[in-house]
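*Asks:* What follows is a structure written as structure tokens; I'll ask about it next.
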Amino acid sequence: HKHKDKYKDKEHKHKDHKKDKEREKFKHGNGYLVLSDSPHLEIWSRRDQCVILRLIGLYSCYAECVTLSCLLPAFQMKSLDGKVKKEKENGFASPPHVKSEPEDDFYHSPKQEKSLKRERDDDNDSEFKPKKIKTENDKKGKKRKREAEEINQKKAKNKKGEVADGKKKAKKEPEEKWKWWEEERYTDGVKWKFLEHKGPVFAPPYEPVPSHVKFYYDGKPMKLSPQAEEVATFFAKMLDHEYTTKDIFRKNFFKDWRKEMTSEEKSKITDLKKCNFSEMSEYFKAQSEARKAMSKEEKLKIKEENERILQEYGFCIMDKHKERIANFRIEPPGLFRGRGDHPKMGMLKRRIRPQDIIINCSKDSKHPEPPPGTKWKEVRHDNKVTWLVSWTENIQGSIKYIMLNPSSRIKGEKDWQKYETARRLKKCVDRIRAQYREDWKSKEMRIRQRAVALYFIDKLALRAGNEKEEGETADTVGCCSLRVEHIKLYPENDGQEYVVEFDFLGKDSIRYYNKVPVEKRVFKNLQLFMENKEPDDDLFDRLNTSILNKHLQELMDGLTAKVFRTYNASITLQQQLKELTTADENIPAKILSYNRANRAVAILCNHQRAPPKTFEKSMQNLQTKIDAKRDQLSDAKRELKSAKADAKVRKDEKSKKAVETKKKAVQRIEEQLMKLEVQATDREENKQIALGTSKLNYLDPRISVAWCKKWGIPVEKIYNKTQREKFAWAIDMADEDYEF
DNA sequence: TTCATTACTTAGGAACACGCGG
DNA sequence: CCGCGTGTTCCTAAGTAATGAA
């Protein structure tokens, strides 16, 4: 497919160029037939019968019509000049309206400079603010620096106070209380001014297996060279996995393994089937058992060592603040296992050495030292990027990075900005929808395809679907890369008209299956797109993500295909929460409602998971618990009854008290039962759905925080510790009437 | 302008830790 | 107190989209 696209693009380029030349000729009366000469529209025909339209005005553009049926309306347009105007308004004149929006903000925001918080909100709206503000940037920079210094001073104070105050206070406060969201942001592409870190932690070196653990080839024990042995252990460790039985996996592994062998080994070991790794495999199993059975002291020791490494390598200083690093450990060598049907599964992922590593830090920082006797590949000082360390991985040749934790300023700001963009989309989504509906009728194929694809992205929250290189990765698609074979059209299905059935593998080879009724126009268009195509042809052959995103960029500043996913996810959560939450319910029931709203989003975004292996069992366990609780409840009720009867007869204080106690017991048990039942429902509904992904990446956390505040639900019930760290900005700034 | 490269976000599953009930 | 199951954290693959070089 990629190949085909390349071909097409070249063709386009060629044509565009030609068109200009032809127009020149036309201007000079070089033998072209003028079909229209209205002030809004030029229509002229080439010798090859193609008709070229040119709309004139601010947004002048060319369109090529290749069929006669397109020509007829064009003539009609000519005769009715008014209609031409109308067409123009609908089709091409709208972008200026959209474009003016951010400019409005731009003129407003400087006036709001004084209020820090307000101004920042707007800052998000106009990220591309021109360099005019440069002087202000400087100010901002200084401000940032000043504030950072203040905090540093506080730190110093705290340190002094440590002796008296005790460690807790001094250690925790400065970092946890830094509210970066109340400070100015860099606006000129600079990501930081100061960055210092200790570099990565390398994978532990290979430890050869003891000599009594043998590898057998063709039934005979064979001592392997350390390099070959290491790769063999990678395979041995995976022996239980299903994919060591897969052909591609075995083939790739064997090929890469042989590369590590000595020539002697290479000549001996020629067939993977004759290799016996079982002793190695047993050895590793025994080792992991031993690790589990370790004494508390030993475990504690390991834990402490890990903590020490975390303290040393797990943090960096960025702009005077200590920030947590996400993945400071280099990926250890092993066998690559891509997801789905990956053509490269089983290949050897090589060990990363210091000479593979690029370090990024600021010039005036203390550079990290490479391990003794080694060198870094490079030390650079690029403050336009956020990564600290990078290296090139050998499977796909892509670059891997060490970056900061989601709780860091640099990630948090970006996350916040993402939701602000989605909120801006909310303001103009109606117009964009109206426009793509209009575009379904366009005379141009590429515009119709673009409009239909955008409709899918909006309605079904599909991913954009970049092209991928064939044979390098699993065959998965997104919207723009859908192929004819991935959809089926039903003029009628189960009593619904114009149903489209989607069935394809998306990101991570997760299946997307959905049957959706669509509008008639969309349906007809799809039929048109599929005409005369093979199943493996692109559905949208005149579209790719870059064309689509370029178009979206014109509709709204900062708009790309993925913004629709964020927008639709967040707006769905907000609307579902409104719908599902009832005031008189207790907290567990409200949380069930929240989870249900979350679930609606996860379903929309197709976030699936493999049903947990223990699912059935744990469901049964829960049911047993519920049954037991029911019994307990009826017992308690019976006791209450008899206590009441008793109280009626005796009429003394003691028996009255007993009634009260029993009543409370019944109430308590009822509540517990209710809780269990809610839990069961929640779990059942969640069998194949993963909530985490949407919660972490798509749902504006301020919606959840506002919901918690509104209904008096502790935010801890919705977000765990890590999530609260990531969303600290939202927890701090959203109040109960926050509207997405 | 185009294409490849680079940077950064999103994703599911495995490993791990920890709390709860027996 | 222990074992088990679950929630959390880690891991890194696989996307999207911006950037940069030709």
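The values are calculated or read from the model by the stated rules, or taken from the named source; none is laboratory data. All values reported here derive from a predicted model rather than from experimental measurement. We place every Cβ from the backbone using ideal geometry, glycine too, and count neighbours over all the protein chains shown.
*Asks:* Report those helices (runs of 4 or more DSSP H) wholly inside the range A:631-732 carrying at least 1 residues which are within 14 Å of DNA strand B (Cβ to nearest atom) and modelled with pLDDT of 85 or more.
*Replies:* Counting at least 1 such residues, we get A:692-697, A:701-711, A:721-726.
*Asks:* Filter the range A:331-355 down to the residues that are away from DNA strand B (no atom under 13 Å from the Cβ) and either outside the structural domain of A:Ser398 (by the TED database) or under 30 Å from A:Lys191 (Cα atoms) (or both) and list them by number.
*Replies:* A:Ile352, A:Arg353, A:Pro354, A:Gln355
*Asks:* Name the single residue, out of those in the range A:188-226 being without any contact (Cβ under 8 Å) to a residue 40 or more places away in the chain and charged (D, E, K, R), that is farthest from A:Asn327 (Cα to Cα).
*Replies:* Ranking the qualifying residues of the range A:188-226, first place goes to A:Lys220.
*Asks:* Any residue in the range A:452-466 that is without any contact (Cβ under 8 Å) to a residue 40 or more places away in the chain and outside the structural domain of A:Leu604 (by the TED database) sitting within a Cβ distance under 9 Å of a residue that is within 11 Å of DNA strand B (Cβ to nearest atom) and of a type in the set (A, V, I, L, M)? List the pairs, counting only those 6 or more apart or interchain.
*Replies:* So the pair list comes out as A:Phe456/A:Leu462.
*Asks:* What do you reckon, is A:Glu469 more than 16 Å from DNA strand C (Cβ to nearest atom) and either surrounded by fewer than 21 Cβ atoms within 10 Å (Cβ to Cβ) or in the same structural domain as A:Pro343 (by the TED database) (or both)?
*Replies:* Criteria not met by A:Glu469.
*Asks:* Under 7 Å by Cβ, and 6 or more places apart or on different chains, what pairs join a residue from the range A:383-410 that is touching a residue at least 12 places away in the same chain (Cβ under 8 Å) and within 21 Å of A:Pro332 (Cβ to Cβ) with one that is in a strand (DSSP E or B) and among the basic types (Lys, Arg)?
*Replies:* So the pair list comes out as A:Ser390/A:Lys400; A:Trp391/A:Lys400; A:Glu393/A:Lys400; A:Asn394/A:Lys349; A:Ile395/A:Lys349; A:Asn405/A:Arg324.
*Asks:* Could you tell me how many of the residues in the range A:664-677 are among the charged types (D, E, K, R) and within 14 Å of A:Asp635 (Cβ to Cβ)?
*Replies:* So the answer is 2.
*Asks:* Here's something else I'd like to know. Among the residues of the range A:227-248, is there at least one that is under 19 Å from A:Pro204 (Cα atoms) and surrounded by fewer than 16 Cβ atoms within 10 Å (Cβ to Cβ)?
*Replies:* So far as the range A:227-248 goes, yes, one or more of its residues are under 19 Å from A:Pro204 (Cα atoms) and surrounded by fewer than 16 Cβ atoms within 10 Å (Cβ to Cβ).
*Asks:* Answer with yes or no whether A:Ala610 is at pLDDT below 90 and more than 24 Å from A:Phe502 (Cβ to Cβ).
*Replies:* For A:Ala610, the condition - at pLDDT below 90 and more than 24 Å from A:Phe502 (Cβ to Cβ) - is not met.
*Asks:* Report yes if some residue within the range A:581-589 is within 16 Å of DNA strand B (Cβ to nearest atom) and among the polar types (S, T, N, Q); otherwise report no.
*Replies:* no
*Asks:* Hey, can you tell me all the residues within the range A:396-409 that are more than 8 Å from DNA strand B (Cβ to nearest atom) and β-branched (Val, Ile, Thr)?
*Replies:* The one that is more than 8 Å from DNA strand B (Cβ to nearest atom) and β-branched (Val, Ile, Thr): A:Ile402.
*Asks:* Given the criterion without any contact (Cβ under 8 Å) to a residue 40 or more places away in the chain and more than 30 Å from A:Phe253 (Cβ to Cβ), identify the matching residue among A:Lys363, A:Lys377, A:Lys418.
*Replies:* A:Lys363
*Asks:* Moving on to the next point. From the list A:Lys363, A:Lys375, exactly one residue is over 30 Å from A:Glu230 (Cα atoms), loosely packed, with under 15 Cβ neighbours inside 10 Å and more than 12 Å from DNA strand B (Cβ to nearest atom). Which is it?
*Replies:* Result: A:Lys363 is the single residue among A:Lys363, A:Lys375 that is over 30 Å from A:Glu230 (Cα atoms), loosely packed, with under 15 Cβ neighbours inside 10 Å and more than 12 Å from DNA strand B (Cβ to nearest atom).
*Asks:* Hey, could you check the range A:259-301 for residues that are loosely packed, with under 12 Cβ neighbours inside 10 Å and hydrophobic (A, V, I, L, M, F, W, C) and say which is nearest to DNA strand C (Cβ to nearest atom)?
*Replies:* A:Ala293
*Asks:* On to the next question. Does A:Leu543 qualify as being touching a residue at least 40 places away in the same chain (Cβ under 8 Å), buried (at least 21 other Cβ atoms within 10 Å of the Cβ), over 30 Å from A:Gly712 (Cβ atoms) and in contact with a helix residue (DSSP H, G or I) (Cβ under 6 Å, 6 or more places away or on another chain)?
*Replies:* For A:Leu543, the condition - touching a residue at least 40 places away in the same chain (Cβ under 8 Å), buried (at least 21 other Cβ atoms within 10 Å of the Cβ), over 30 Å from A:Gly712 (Cβ atoms) and in contact with a helix residue (DSSP H, G or I) (Cβ under 6 Å, 6 or more places away or on another chain) - is met.
*Asks:* Among the residues of the range A:373-394, are any touching a helix residue (DSSP H, G or I) at 6+ places or on another chain (Cβ under 7 Å), hydrophobic (A, V, I, L, M, F, W, C), assigned to a loop (DSSP other than H, G, I, E, B) and more than 12 Å from DNA strand C (Cβ to nearest atom)?
*Replies:* Yes, the range A:373-394 contains at least one residue that is touching a helix residue (DSSP H, G or I) at 6+ places or on another chain (Cβ under 7 Å), hydrophobic (A, V, I, L, M, F, W, C), assigned to a loop (DSSP other than H, G, I, E, B) and more than 12 Å from DNA strand C (Cβ to nearest atom).
*Asks:* For the range A:311-341, what are the residues that are part of a helix (DSSP H, G or I) and among the aromatic types (Phe, Trp, Tyr)?
*Replies:* Across the range A:311-341, the qualifying residue is only A:Tyr313.
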